[in-house]
Every structure is written in C-alpha cells, then in structure tokens.
1. How big is D for the stretch 1-143, in µm² s⁻¹ as a whole number, if Stokes-Einstein is applied with the Kirkwood radius of its Cα pairs at 4 °C and 1.567 mPa s?
2. State the percentage of accessible surface on the chain attributable to carbon and sulfur atoms; use a 1.4 Å probe and exclude ligands, DNA and RNA.
3. Distance in nm between label sites at Phe193 and Glu11, each 7 Å beyond Cα in the beta-carbon direction?
4. At 20 °C and a viscosity of 1.002 mPa s, what translational diffusion coefficient does Stokes-Einstein give for the stretch 78-210, taking Rh as the Kirkwood radius over Cα pairs? Give it in µm²/s as a whole number.
5. How large is the accessible surface per residue of the chain, computed with a 1.4 Å probe and reported in Å² as a whole number?
6. For the stretch 45-128, what are the per-bin percents of Cα-Cα distances with bins 5 Å wide, up to the bin holding the maximum?
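The values are calculated or read from the model by the stated rules, or taken from the named source; none is laboratory data. Bear in mind the structure is a predicted one, so any value in this text is a computation, not a measurement. Backbone-built Cβ (ideal geometry, glycine too); neighbour counts: all protein chains shown. Heads up: the accessible areas ignore ligands, DNA and RNA and are worked out on the full protein's heavy atoms, side chains in. Shrake-Rupley method; radii C 1.70, N 1.55, O 1.52, S 1.80 Å.
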Amino acid sequence: MNAFLLENGQELIVKIGEHIWISFIALFLGVIVAVPLGIALTRTKKLAHFFIGLASVLQTVPSLALLALMIPFFGIGKLPAILALFIYSLLPILRNTYLGVKEVDPNLKDAAKGMGMTDIQSIFMVEIPASLPTIMAGIRLAAVYVIAWATLASYIGAGGLGDFIFGGLNLYKPELIIAGTIPVTILALLVDFLFGLFEKKVTPVREKGV
C-alpha cells in the first residue's frame, strides 16, 4: 500500500480535489435553484405537483443515460457532469423545502401577519427558520447522493475518483479500485456527519412536556 501511495499519491490528491469540486458545484446549484423554487411552490400549489413530479421523473433516468444525454449538448468534461449531478440533487432539496415550508405552523404565519410582516418578511423571518431542519435534511441527502454519483463522471472525462475505480476495473487492478472507493466512502460519510451536526444545530430544542 505504501508503494502504491508513493507512486500514485499525488494523482490521488488531485482526483479527490476534482471529486469534491464537481460535487460541491452541483450541490450548490441544486440549493440555489431548489430552495427558492420549493418556497415559491408553496404559494402556487397548482404548479407544485408538476414541478416535484418532473424532478421525480428526472431522477428516475439512469445516471449513465443522463450523462450520455448531456454529451451532444455540452460535450465531455466537467460541465455536463456537473449539470447531470445538479439535476439529481434537485428532488430531495425541492421536496423537503416544499414540505418544510408548507407544514410551518399556521399560527406562526398568522402571528407574522398580525405583526404587520409582508409575505417576503414572513418567509425570511418565520417560515425559513421554522422549516430549516427539514430543508437541511434534504440538502444532506442530496449531498450524499451527489458524492456517490460523481464517480460516474469519469465516464465523460470529468475526472474525480471514478477514474481510479473504473481504471482498476478495466485493468484488473484491485488497488486502484480500493484507492477510489475508500475516499468516496469517507467523503460521503464525512459530509453526512457534518450536515447532520448542522441539522441538529438548526433544529429547535423543545422543552420537556411541550
């Protein structure tokens, strides 16, 4: 193992960096699109089922098929991979944002109106803080999905740890497969752990008996 790290350690670090970068950009795009859209859909409930249904349909498309569909439009490399992973990140974030905001206690919304808050003020000062644990749970799930699915990005030349995994499969080199699989697993577990801590932090603590 030491010999392998001496020979491939630098490349491994580069691949980990590529994997994190691809995953982060895809998740970031998912958050800035799905969270506002999920909030907006609570105001236009007729469109909610359509958009959430569309996101569900897109997520059922096999990962490799979606990556292949990106190639005629965006070529190969990181851009099509990021766009495909972005699409896969949408559903859990969109659904949790919609459900979280929709299920905010109506009494809180009425109190906000009674205090003279506008709809925008109510969203930012009451509804988002109250629904943040649910929203964060969706982001946490999407983050783990994106990190796992980012391994397939190597099929279209996007780099990442998938290069080691699929290179090992093609060359029958178990050490390459292990070198790609272990960091992906650690990254997914670490991200899940960190988001879990943040989720607990933003979850209101209820007193006993309440």
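1. So the translational diffusion coefficient is about 75 µm²/s.
2. Exposed carbon and sulfur together represent 70 percent of the surface.
3. 2.9
4. Answer, rounded: 124 µm²/s.
5. Roughly 57 Å² per residue, with all protein chains present.
6. Each 5 Å bin holds this share of Cα pairs: 3, 13, 17, 14, 13, 11, 9, 8, 6, 4, 1.
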